[in-house]
Amino acid sequence: MSDLPAIEALDLRKSFGENRAVQGVSFQVNRGEIFSLLGPNGAGKTTTISMLSCLLRPDDGDARVMGRSIRSDPSGVKSVLGVVPQEIALYEDLSARENLTFWGKMYDLRGSKLKARVDEVLEVIGLRDRANERVGKYSGGMKRRVNIGVALLHKPQVVYMDEPTVGIDPQSRRNILDNVVRLKNEGMTVLYTTHYMEEAQELSDHIGIMDHGKLIACGTNEELVKLVGQQTRIDLTLNAHVESVAAAWREIEGVSHVAAENGVATALVNDSNLALPHLFEAASRLSARITSVNIREPNLEAVFLHLTGRALRD
Amino acid sequence: MKAFDIALKDLTRSFRSAFAIVFMFGVPLLVTGLFYVMFGNIASEGGFSLPKTKVVIANLDEGGPKFQVNPKNIPGGKKAETMGELVVSILQSEEMADLIEVALTDSAESARSAVDSQAAQVAIIIPADFSHQFADVDEEAFIEFYQDPTLTIGPAIIKAVLNRFLDGMSGVKIAVTVFLDEADESQRGLAGQVAQQYLKISLAENEDMEDELLETRNPSGGAQRKEEETQSLLLSIVGPIMGGMMVFYAFFTGASTAQSILREEEERTLPRLFTTPTPQAVILTGKLFSVFLTVCVQVVVLILAARFIFGIQWGEPKSASMMAAGIIFTASSFGIFINSFLKNTKQGGVLFGGVLTVTGMMGMIKIFAMNSPAAQTMGDAVSLLVPQGWAVRGLTQSMSGESPESIFLTLLVSLAWSAVFFVVGVWKFNRRYA
Ligand SMILES: Nc1ncnc2c1ncn2[C@@H]1O[C@H](COP(=O)(O)OP(=O)(O)OP(=O)(O)O)[C@@H](O)[C@H]1O
Ligand SMILES: [Mg+2]
């Protein structure tokens, strides 16, 4: 039993009319690990999580959470789950304490146990001092922390967090990331979605990269980075002619996967020392002024570029 | 248990919203309060609560050439040779004596200074050419009304009496004008008779008016019984208004509380509830329960508040409870019912503006048509087409002391409405979130 995976998605599919939001996603999350789904907007991360939390019925496929099927045992799944939705889902006219108390009851906590858990969670999310203020008065980051706190009240075995760090201040972001690691250390399994590659890289034991409703790659950070080989990524910000510079780059030897987006030309190169002069030369030949240069060792961003031909950006 | 937690949470939220409180309790009580003050002043004036209004009259009227009044036509049979004297005699009549204390003076200045020095509250100055202007078809006749600006009620009554008198008088002028336009030369002499005839009618009317006013306003002698009569007259006006307000706003509360289902969907808390180990049936029950509880609290509070603030008699406890139950069940189930047809809260504006107002008004026709039996019969029929009408019916039955059996019958019909609304609403919501 205990060596069964915590989450097992089996060919999940979901369409909204013509829009095939999730097109056969399968992956496996081991117990006690942090698994990140990394992908751009509209990749299908939320839709996948919604199916895994029994909010959406899949058109096809199934999934097991702690061995319970989302199709045949949704209430069993819900009882082991804590879900942090992407949108803040709190009662703004109630205080943080009142919110936590209410949601705790929904997770079947009562009495002194409930009260103790509410206090603990307030401590964890760092809002003990302001617990009695209405959530509506909180900053975005504080709301996000309460939003997470709600899902932790009943000490779930599995926690889903759907982009919990979108649009918040660095302090709240730090608090949240630290908490995710703490949850893992307490033995919880975390399914985390993000489109920040740094977060996925920092937190995850395993990462699944999603794009257009498909899981295009899956593995540890190292495994994924190996997909691009030892290639280095070079970003040149140009004042003009980005497209033509990118086109010129494609002809240069030792350069692969060129992309042009938002005034930035990006290339993966085998050896940056050899390639850089050629890249610069092409830019100045086309009289494009270089306003900044960024050289990065292989990372998930490069993996995404490698796999999709597009940059992974917000 | 969880359903109850959900309902309790909603109740807390409702009662924390200033907007909701205003509409649930503030507006109905305020409107009733306004009516109470309005009618209450008329009903209690002059008798026990208000001192007499002191009036100084400067009658400067020199009379008009063609003006004669037959003393028989003047209330109290007093003699009046000018229009000015007629005004004075009306204000001095015995029937008005409980309300006003009249003093006469012979100059406009002294009348005004009496008000300025607060020796009197109202000065009435009848100009020298008052009768003259009256006799002249093309002129308008004015009386100067000068009052202590800090007072309102006493002067207002006197103003009302005078206005009505003058209205009657201008009727005379119109009658004479019409007559003169249509009569040929030889008949012109009859104009005076026409005026006289009209004046007779108008004064007779005036007398009625005084009786009417005095009847409602003047428990002469201050007897306990009279005072109670005044009070019960007041309550017979204000009671149904309060009841109507209560029904109208209970339906409003039902609809807006039931809308919290849609609001929670949009605020994403409803989907979040669905991710907790709480069955959908329990969540929905909780939401419905909260609608019921909120309306329940509102109706009970309004009934008690109106009882203690205005002294409104809702009827026998048994009858009143049945009528309250009727209101609560129809209002909450109707709210669930109509919200189940909405896609989102944006459509709610139409719902509140249109459906609730129209059906609410239909249901309350009976209360508006209180004074006209014909309109009431029709209003009865129309109002019973909407659930509000049945709620109002139970209300008026209980207030007028009808038998518990007949109120029970009304309650049964209300419950039947509620059951239909409830079943349809729940069915639609269940399907929506399945
Ligand atoms: N309820 C819905 N009805 C219709 N289309 C939907 C619905 N939910 C999602 N979609 C569509 O499905 C696709 C995947 O959306 P999803 O929200 O799963 O992406 P995501 O990866 O979570 O993106 P984001 O990073 O923006 O949250 C999108 O094209 C989206 O427009
Ligand atoms: Mg999403």
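The values are calculated or read from the model by the stated rules, or taken from the named source; none is laboratory data. Because the structure is a prediction, the values reported are computed rather than measured. Every residue, glycine among them, receives a Cβ derived from its backbone with ideal geometry; neighbour counts consider all protein chains shown. When the accessible area is computed, the model is the full protein with side chains, heavy atoms only, and any ligands, DNA or RNA have been set aside. Shrake-Rupley method; radii C 1.70, N 1.55, O 1.52, S 1.80 Å.
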- Message: Assuming 0.36 nm per residue, please report the length gained on full extension of the stretch B:S236 to B:T377 beyond their Cα-Cα distance.
- Response: 48.9 nm
- Protein chains only, probe 1.4 Å: how do A:W249, B:W427 rank by accessible area, largest first? B:W427, A:W249
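Can you pull the semi-axes for segment A:230-297, root of five times each eigenvalue of the Cα gyration tensor, sorted largest first, whole Å?
Calculated on Cα positions only, the semi-axes equal 17, 12, 10 Å.
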- What's the percent breakdown of Cα-Cα distances in segment A:184-294 across 5 Å bins, shortest bin first? 2, 11, 18, 17, 14, 13, 11, 7, 3, 2, 1, 0
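Pull out the extension gain between A:K214 and A:K226, defined as 0.36 nm times the separation in residues minus the alpha carbon to alpha carbon distance; nm, one decimal.
The A:K214-A:K226 span can extend by a further 2.3 nm.
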- Item | Dipole axis of segment A:230-297 (+1 Lys, Arg; -1 Asp, Glu on Cβ), positive-most option in A:A275, A:A247, A:V293 | A:V293
- Query: In segment A:7-224, with Lys and Arg counted as +1 and Asp and Glu as -1 at Cβ, which of these residues, A:P164, A:L191, A:A89, has the Cα nearest the positive end of the dipole, that is, farthest along it?
  - Reply: A:A89
- Take the Cα of B:E405, step 7 Å along the line toward its Cβ, and report every residue of segment B:292-321 whose backbone nitrogen sits under 14 Å from that point. none
- Message: Quick check: Cα centre of segment B:231-290 to Cα centre of segment A:37-96, how many Å?
- Response: 30 Å
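Set the Förster distance to 22 Å, then compute FRET efficiency between B:F142 and B:E109 from the Cβ-Cβ distance, nearest 0.05.
That gives a FRET efficiency of 0.80.
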- Message: Suppose we keep just the DSSP beta bridges with both residues in chain A; what percent of those would be antiparallel, to 5?
- Response: 65 percent
- Message: Test of understanding: what is the full-extension gain from B:E101 to B:K52, defined as 0.36 nm times their sequence separation minus their Cα-Cα distance?
- Response: 17.0 nm
- Item | Of the trypsin sites (Lys or Arg not before Pro) in segment B:250-352, those whose Cβ has at most 10 other Cβ within 10 Å and which sit in DSSP loop | B:K343
- Note on the structure: On complex formation of B with A, accessible surface lost, both sides summed, probe 1.4 Å, nearest 100 Å², amounts to 2200 Å²
- Task: Mark the label point 7 Å from the Cα of A:Q23 along Cα→Cβ and return the residues of segment A:205-231 whose backbone N is within less than 11 Å of it.
- Result: A:211-215
- Item | In nm, spacing of pseudo-spin labels at A:N239 and A:D169 (7 Å Cα→C-beta vector) | 3.8 nm
- In nm, to one decimal, how far is the modelled label at A:S292 from the one at B:V424, with both set 7 Å along Cα→Cβ? 6.1 nm
- Note on the structure: Per its Cα gyration tensor (rounded if a/c is under 1.5, else prolate when a/b beats b/c, else oblate), chain A is best filed as prolate
- Query: At what distance in nm do the modelled label points of B:S117 and B:M38 sit from each other, each positioned 7 Å from its Cα along Cα→Cβ?
  - Reply: 4.0 nm
- Message: Rounded to the nearest 10 Å², what accessible area does B:V27 have for a 1.4 Å probe in the complete protein model?
- Response: 30 Å²
